[in-house]
1. For the range 32-51, which residues satisfy the criterion of being in contact with a helix residue (DSSP H, G or I) (Cβ under 7 Å, 6 or more places away or on another chain), within 14 Å of V13 (Cβ to Cβ) and not charged (D, E, K, R)?
2. For the range 93-111, indicate whether the set of residues that are under 12 Å from the mean Cα position of the chain (by Cα), part of a helix (DSSP H, G or I) and free of Cβ contacts under 8 Å to residues at least 24 places away in the same chain is non-empty.
3. Out of all the residues in the range 48-87, which are part of a strand (DSSP E or B), without any contact (Cβ under 8 Å) to a residue 40 or more places away in the chain and either loosely packed, with under 14 Cβ neighbours inside 10 Å or among the charged types (D, E, K, R) (or both)?
4. Assigned to a strand (DSSP E or B) and either surrounded by 12 or more Cβ atoms within 10 Å (Cβ to Cβ) or within 14 Å of the chain's Cα centre (by Cα) (or both): does that describe A29?
5. Listed residues W40, W21; which is surrounded by 15 or more Cβ atoms within 10 Å (Cβ to Cβ), assigned to a helix (DSSP H, G or I), free of Cβ contacts under 8 Å to residues at least 60 places away in the same chain and not small (G, A, S)?
6. Give the range 112-138 a look and list any residue that's within 15 Å of the chain's Cα centre (by Cα) and either at pLDDT 60 or above or more than 21 Å from I77 (Cα to Cα) (or both), or say none.
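The values are calculated or read from the model by the stated rules, or taken from the named source; none is laboratory data. Computed from a predicted structure; not experimentally measured. Using ideal geometry, Cβ is built from the backbone for each residue, glycine included, and neighbour counts are taken over all protein chains shown.
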Amino acid sequence: MAGTSDGVILYPVPLEALERWWPIILPFAEQMASRFPDDWPVNETLRQARGDYLKIWVALDPDTRRIWAAAGTKILIKASGKRVLAIRWLAGKQRHRWLHLLQELENYGRFNGCTEILIEPGSRAGWQKVLPGYRERPTIQLTKSL
């Protein structure tokens with residue numbers, strides 16, 4: 001499912017093409033690793049993508065062949081049976097070029113029976129300002145050093 005808007009397309013990287021695409025995705029994976037080193041080290045992102053646990057998407061300008069963003073998603077099935085499209089990680093630059101493609105991920109989720117889209121915990125609070133219709137779900141996260 002590839003979507004397009006304003007010349008930039010949302011392209012799902014096929015599992016069989018992941019190794020070929022990885023050098024292009026790597027800077028985005030490194031960006032995520034620098035923000036969330038305990039959650040998304042580069043080798044774990046690649047491992048999950050290779051294992052088909054994490055679906056990788058790129059926001060691609062087909063004319064210039066430039067990648068503006070990359071994302072990793074997973075369809076989660078809750079205990080109730082409810083299907084949720086989770087955006088596990090997202091990294092990019094110049095978001096005005098690609099943020100509108102989030103609608104394509106929403107369509108992908110609907111097509112796959114998801115009734116909700118979730119931007120995973122650890123996402124930056126600033127996203128709420130630029131994502132109309134999204135709301136923060138208050139949660140408490142406790143941690144203790146051992």
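1. T45, L46, A49
2. There is at least one residue in the range 93-111 that is under 12 Å from the mean Cα position of the chain (by Cα), part of a helix (DSSP H, G or I) and free of Cβ contacts under 8 Å to residues at least 24 places away in the same chain.
3. In the first step, residues of the range 48-87 are kept if they are part of a strand (DSSP E or B); the result is 55-61, 66-77, 83-87.
With the extra rule that they be without any contact (Cβ under 8 Å) to a residue 40 or more places away in the chain, the set shrinks to 66, 71-75, 77, 83-87.
Answer for the range 48-87, where residues must be part of a strand (DSSP E or B), without any contact (Cβ under 8 Å) to a residue 40 or more places away in the chain and either loosely packed, with under 14 Cβ neighbours inside 10 Å or among the charged types (D, E, K, R) (or both): R66, K74, I77, R83.
4. No: the conditions fail for A29.
5. W21
6. Once the filter is applied, which keeps residues that are within 15 Å of the chain's Cα centre (by Cα) and either at pLDDT 60 or above or more than 21 Å from I77 (Cα to Cα) (or both), the range 112-138 yields E116, I117, L118, I119, E120, R124, W127, L131.
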